[in-house]
Amino acid sequence: MDAESEIQPDPFDFTRHEQVAVAEYLKVFSFYQELAASAKRIADEALKRRFIQVHSIESRAKDPSSFGRKASKPSKQDPSRPMYSNPLEQITDLAAIRIITFFPRTIELIDEMVKEEFCVIEQFDKGEALLEEERFGYKSVHYLVTLNKVREGLPEYQQFKKAKIEIQVRTILQHAWAEIEHDIQYKSSASIPRDIRRRFMSLAGLLEIADREFQAIQDADRALTERAEGLINEGKLDKVEITPAALKTYLDRRLGPDGRMSEFSYDWTVRLLRKLGFISLDQVDECIRPYDHDRLSRIAFGNRQGQLSRFEYMLLAGMGERFIGRHLYAEEDWYGSSHRRILESIAKEGIEIGGYDPRPTVSSDEACEV
């Protein structure tokens, strides 16, 4: 029998392979949904215990249609055969969670969390893999994990023993690129037009620079906050710019801490201080120094109010009518009338109303200078 008469094997039925794979996956789809939800819950609780702030945590079981397409991919070594002969065993991202951070350095903290809370089978940087494949993309860290042995021994997790979970960790900017990438037609640097390729590379560089700058800004902000706290503790208030964090530190020392105060409240009070003309904490301290915050609060309201309310009564007493005239609510009639009554009550108690003005006085000669 010659070669031409030999019976050729039927070509592999990729469509059938995909259909069978999807049918088998649908039988266990709910299992992977539960596994992904459990992994998300573990990660969420672990991050909170470590006081690690992230933008969001997402969980998902792989979409059946996406699973089918992946199951029917041709092998790179032999395109006549599928890449996955046993998709349910070989495809490892059936359950996945994605942790999206604000800053690049948080990824390092999450790396420690993942290695403590899960058993890591594999870890790789998506960006490095894309470079090796000459594909455009933006880096993110991927882990393939199972639950650790302690959790596998607990009744609620025993069903997930040895089940694999993919964990993706990326910043918001990395996530934005990854989401947009799904709509990009060109995947290979060999096929992309040169002009568009340059724009891709420029954009990837800009995103990486932006991530670094956001991290640098966060680092600088923390350094300024720590420096301000040190200066306040040393009593060097003239060197401290008024910021929400600095104001909170100062008032906690001066009036006592108050856990009821929100970040928004301190931010609003800083805006008020700037509207009043204050530029540093030594001016604030000079203005309110003569006054007893607790006594003023009881005169104005009948009892001890919150920290920031007591602080405002001190500013009111220290600046008098000037405080009302420059206040953020100065145009509101109700505000002026109510606070003038408070000033009258303070004065009746024998407390001297001040006229402090944080804005520098300009002489007539200086005002006329060109």
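Quick look at the numbers
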{"item": "Most positive-pole-ward Cα, 35, 17, 77, against dipole of the chain from beta carbon charges", "result": "35"}
{"item": "Length-normalised contact order of the chain in % [C-alpha pairs under 8 Å, at least 6 apart]", "result": "10 percent"}
{"item": "Whole-number percent relative contact order across the range 237-370, with pairs defined as alpha carbons under 8 Å at least 6 apart", "result": "24 percent"}
{"item": "Cβ-defined net charge surrounding residue 25, 13 Å radius [Lys, Arg +1; Asp, Glu -1]", "result": "-1"}
{"item": "Probe 1.4 Å, all protein chains present, accessible-area order of 322, 359, 260, largest first", "result": "260, 359, 322"}
{"item": "12 Å Cα-Cα reach of residue 149 towards aspartates and glutamates, excluding residues that sit fewer than 8 places from it in its own chain", "result": "116, 117"}
{"item": "Heavy atoms of residue 226: accessible area, 1.4 Å probe, square angstrom to 10", "result": "130 Å²"}
{"item": "Area of residue 334 that stays accessible when all protein chains are in place (1.4 Å probe, Å², to 10)", "result": "140 Å²"}
{"item": "By accessible area with a 1.4 Å probe, ligands and nucleic acids excluded, highest first: order of 201, 261", "result": "201, 261"}
{"item": "Of 335, 143, 313, the one that fluctuates the most in a GNM where the chain has Cα springs shorter than 10 Å", "result": "335"}
{"item": "Neighbour net charge for residue 326 - beta-carbon separation under 15 angstrom, K R +1, D E -1", "result": "+1"}
{"item": "Over 24 Å between alpha carbons, listed pairs 76/162; 27/73; 73/161; 248/275", "result": "76/162; 73/161"}
{"item": "Charge sum, other residues only, whose C-beta stays under 10 Å from residue 265's C-beta, Lys/Arg counted +1 and Asp/Glu -1", "result": "-1"}
{"item": "Average accessible area per residue (Å²) across the chain - probe 1.4 Å, nucleic acids and ligands excluded", "result": "60 Å²"}
{"item": "Solvent exposure ordering (accessible area, 1.4 Å, most first) of 150, 284, 54", "result": "150, 54, 284"}
{"item": "Helical segments meeting 15 Å axial Cα length and Kyte-Doolittle 0.0 threshold in the chain (DSSP H)", "result": "307-319"}
{"item": "Residue among 180, 67, 56 farthest towards the positive dipole end of the chain, charges placed on Cβ", "result": "56"}
{"item": "Within the chain: Cβ-based charge dipole about Cα centre, in debye rounded to nearest 20 (Lys, Arg +1; Asp, Glu -1)", "result": "780 debye"}
{"item": "Charge dipole (the chain, unit charges on Cβ, about Cα centre) - positive-most of 158, 97, 235", "result": "158"}
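The values are calculated or read from the model by the stated rules, or taken from the named source; none is laboratory data. Everything quoted here is computed from the prediction, not taken from an experiment. Virtual Cβ from ideal backbone geometry, glycine too; neighbours counted across all protein chains shown. Just so you know, the surface numbers come from the protein's heavy atoms only, side chains and all, with ligands and any DNA or RNA stripped out. Shrake-Rupley method; radii C 1.70, N 1.55, O 1.52, S 1.80 Å.
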